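None of the figures in this text is laboratory data; all of them are computed from the coordinates on show. All values reported here derive from a predicted model rather than from experimental measurement. Here the Cβ positions follow ideal geometry from the backbone for every residue, glycine too, while neighbour counts run over all protein chains shown.
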Amino acid sequence: MKKEIPGGIYPTMLTPFTEDNKIDYNGVLRLLEFYKNNGCDGIFAVCQSSEMFFLSSEEKLELLKFIMANLPEGLAVVASGHTADDFDTQINEAKALIDTGIDAYVFLSNRFCREDEDDSVFLRNFEKTVNSLPDIPFGIYECPFPYKKIVSPYLIEKCCEIAELSFIKDTCCDINLIRKKLEAAKGTGLKIFNANGATFFESLKAGCAGYSGVMANFHPELYALLYRNYKKDPMKAEALASFLSMASVIELQQYPVNAKYHMTKRGVDISLKTRVRDCSGFKECNKMEIDAMYETEKMIAALFEF
């Protein structure tokens with residue numbers, strides 16, 4: 001039988017770099033330990049937060065092999081990484097990454113068709129791709145770069161007829177559309193993970209399987225607290241969800257540099273260096289905003305005992 005993807009909190013894993021712009025594998029170990037110790041159920045590796053569009057195919061494979069070899073017990077791993085434009089290269093990249101032993105391989109929705117192409121092209125290319133890969137659970141990620149291709153309820157139904165889908169990282173940020181997607185996924189075994197902090201609480205109540213987004217690189221334990229306890233005390237859950245919604249706007253501020261800075265506040269020794277963004281743009285006022293959020297997080301964590 002294929003593995004079942006557990007519900008819960010799946011941070012979009014950062015990639016730490018050394019000052020000479022190589023992957024910092026000691027930093028990768030520290031991140032894995034941080035995720036394990038702060039309520040995460042799995043990780044989404046080699047994704048946009050991992051700067052996959054700025055990693056070579058060799059780096060992506062080496063990174064995922066290292067993650068799998070050093071994975072803390074109890075963490076599931078879903079991963080992406082096929083960033084090429086042509087399908088043969090995408091399939092070869094995906095095959096190599098699948099061979100590392102991950103629990104599910106996650107496709108980028110925008111790799112199946114161009115922005116000006118319709119759903120028939122998407123479905124044709126989806127079927128061609130999954131039929132060329134080993135038979136493991138698959139997922140789809142509505143990656144915002146280079147453009148966001150939303151997986152509609154119609155596409156969910158059709159994709160589930162073609163292959164066994166286990167994971168969707170939903171970035172639509174629309175609770176009404178999420179409800180329609182959940183309805184389309186009923187009875188299929190597909191789990192939808194919301195990436196949006198503002199709609200997370202409502203999506204949990206609607207039936208989403210968990211959270212997989214950038215804010216789990218700041219305070220995953222608070223998302224885990226809400227995920228595991230939201231039915232116990234609805235008033236407390238509402239208050240915690242309000243903080244998470246408000247705090248989520250920080251992802252618009254110099255991410256992932258700000259997440260790496262926040263990691264250092266939490267005792268994770270990694271540099272602020274990224275390939276996707278010049279960290280010199282992360283100003284003193286930006287640090288002060290993260291400092292303030294960090295202090296507030298600690299107070300929130302102390303207040304919310306369910």
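Return the distance in nm (one decimal) between the two label points of a simple spin-label model at CYS173 and SER57, each offset 7 Å from Cα along Cα→Cβ.
3.4 nm
Using 0.36 nm per residue of separation minus the Cα-Cα distance, give me the extension gain between ALA239 and THR188 in nm, one decimal.
Details: separation 51, 0.36 × 51 = 18.36 nm, distance 3.29 nm.
Answer, rounded to one decimal: 15.1 nm.
Can you list the residues of region 105-129 with backbone N under 20 Å from a point 7 Å past the Cα of SER152, pointing along Cα to Cβ?
The answer is 108-128, whose backbone nitrogens lie closer than 20 Å to the label point.
Just order 129-136, 50-57, 7-14 by mean Cβ neighbour count inside 10 Å, highest at the front, would you? Write down the numbers at each step before the final one.
Values: 129-136: 14.9, 50-57: 17.8, 7-14: 25.0.
Final packing ranking: 7-14, 50-57, 129-136.
Could you list ARG179, ARG275 so that the one with the fewest beta carbons within 10 Å of its beta carbon is first and the one with the most is last? Before the final figure, lay out each step's value.
On the way: ARG179 17, ARG275 13.
Ranking ARG179, ARG275 by Cβ neighbours within 10 Å, fewest first, gives ARG275, ARG179.
Any idea which of ILE136, TYR211, MET52 is furthest toward the positive side of the dipole for the chain, if Lys and Arg beta-carbons carry +1 and Asp and Glu beta-carbons -1?
TYR211
Once Lys and Arg get +1 and Asp and Glu get -1 on their Cβ, which of HIS262, VAL77, THR12 lies farthest toward the positive end of the dipole of region 8-303?
Sorting the options by dipole projection puts first HIS262.
Which listed residue (THR199, PHE145, ASN110) has the Cα farthest towards the positive end of the charge dipole for region 8-303, taking +1 on Lys and Arg C-beta and -1 on Asp and Glu C-beta about the Cα centre?
So the residue we want is THR199.
Taking the Cα centre of the chain as origin and charging only Cβ (+1 Lys, Arg; -1 Asp, Glu), how large is the dipole, in debye to the nearest 20? If you can, show how the numbers build up before the last one.
On the way: 35 positive and 44 negative charges, 126 e Å.
Dipole size: approximately 600 debye.
State, to one decimal in nm², a quarter of the convex hull surface area for the C-alpha atoms of the chain, i.e. the direction-averaged projected area.
On the way: hull surface 60.2 nm².
Value for the chain: 15.1 nm².
Cut-off under 18 Å on the C-alpha distance; same-chain residues fewer than 8 positions from LYS180 excluded. Which aspartates and glutamates are left, in chain and number order?
Straight-distance partners of LYS180: ASP119, GLU142, GLU157, GLU161, ASP170, GLU202.
Taking 28 Å as the cut-off for C-alpha to C-alpha distance, list the pairs among LYS169/LYS273; LYS148/LYS181; LYS95/LYS205 that go past it.
Working: LYS169/LYS273 26 Å; LYS148/LYS181 16 Å; LYS95/LYS205 36 Å.
From LYS169/LYS273; LYS148/LYS181; LYS95/LYS205, over 28 Å: LYS95/LYS205.
Any idea how far the Cα center of region 214-269 sits from the one of region 9-25, in Å?
19 Å
Taking 0.36 nm per intervening residue step and subtracting the Cα-Cα distance, what contour gain separates ASP278 from GLN253 on full extension? Walk me through the intermediate numbers first.
Working: separation 25, 0.36 × 25 = 9.00 nm, distance 1.28 nm.
Between ASP278 and GLN253, full extension yields an extra 7.7 nm.
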